[in-house]
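Let me begin by presenting the structure, written as structure tokens, before commenting on it.
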Amino acid sequence: MIRLDGVSVRKGDTLILDTISVDLAERRIGIIGPNGSGKSTFARLLNGLEWPTRGSVRVDGAPTDRVSALGKVGFVFQNPDNQIVMPMVDEDLAFGLRKSGLSRSEIGERVEAHLERFGLTHLNERRTHELSGGEKQLIALIGVLVMEPAIIVLDEPTTLLDLRNRRILVALLDQLDQTLIIVSHDLELMASMDRLIWIDEGRIRGDGDAGDIVRAYREAIAAEPC
């Protein structure tokens, strides 16, 4: 479980998040909200990419400045180009495992097993810059999966995808055993979550059943002046 206790984030004179207290324990949790609401900052707090100005963030009781906490939470960026660092797919997927204590053969076996599980072995020897946007997003996700975290946070995973690749990615996510925390404007995807949190102006405006929160969010947006 991830626990945020009285968390605020301030950058300069701007208050990004204001006194957020919430426990995240469900298997599939969605985060929605308008642009600039603080939802991406919220997501980046969960594995130490952002730090609270006030309050605490803990993973299974450990603060996010501990290796024991960070090893449990993987993060998939909205733009896979921010995550893919090596010229070849197999090299990129092995990159995060280099300091894991695994041998080179064990690393190769783990990478191959994850690619095979999701039917992506044909990408193993491809150059990363030659991949399509959808393929890059899948490789970015596999790059997190090979680290075998218990929780995966995804920031807008479908935004850059066409309908075909969105369907492939969503099907892959459905197969995962890990807890997923997904930030997205994709309300169809969000409606399938076990729990949905609506962040607005740095505070939690709604939290509960995904269908109910999506309806309330749509109504609030429709009522806003154009």
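The values are calculated or read from the model by the stated rules, or taken from the named source; none is laboratory data. Everything numeric here is computed off the predicted structure, so don't read it as measured data. Methodologically, a virtual Cβ is constructed for each residue, glycine included, from the backbone with ideal geometry; neighbour enumeration extends over all protein chains shown.
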Would you mind stating whether Leu93 is within 18 Å of Met147 (Cβ to Cβ), modelled with pLDDT of 90 or more and buried (at least 19 other Cβ atoms within 10 Å of the Cβ)?
yes
With Phe95, Phe118, Phe75 as the choices, which residue is touching a strand residue (DSSP E or B) at 6+ places or on another chain (Cβ under 6 Å) and among the aromatic types (Phe, Trp, Tyr)?
Phe75
Right, Ser21: more than 23 Å from Gln175 (Cα to Cα), assigned to a strand (DSSP E or B) and in contact with a Gly (Cβ under 9 Å, 6 or more places away or on another chain) or not?
yes
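Yes/no per residue for (1) under 23 Å from Leu138 (Cα atoms); (2) without any contact (Cβ under 8 Å) to a residue 24 or more places away in the chain:
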| position | (1), (2) |
| --- | --- |
| Asp18 | no, no |
| Glu26 | no, no |
| Lys39 | yes, no |
| Gly55 | no, no |
| Ala62 | no, yes |
| Val85 | yes, yes |
| Leu97 | yes, no |
| Leu115 | yes, no |
Is there a residue in region 147-156 that is over 26 Å from Ala94 (Cβ atoms) and in contact with a Gly (Cβ under 8 Å, 6 or more places away or on another chain)?
no
Kindly evaluate Val85 against the criterion of being part of a strand (DSSP E or B) and in contact with a helix residue (DSSP H, G or I) (Cβ under 9 Å, 6 or more places away or on another chain).
no
Only one of Glu224, Glu148, Glu156 is at pLDDT below 95 and closer than 23 Å to Ser21 by Cα, namely Glu156
So which of Arg27, Arg44, Arg104, Arg98 is surrounded by fewer than 16 Cβ atoms within 10 Å (Cβ to Cβ) and under 23 Å from Ala210 (Cα atoms)?
Arg27
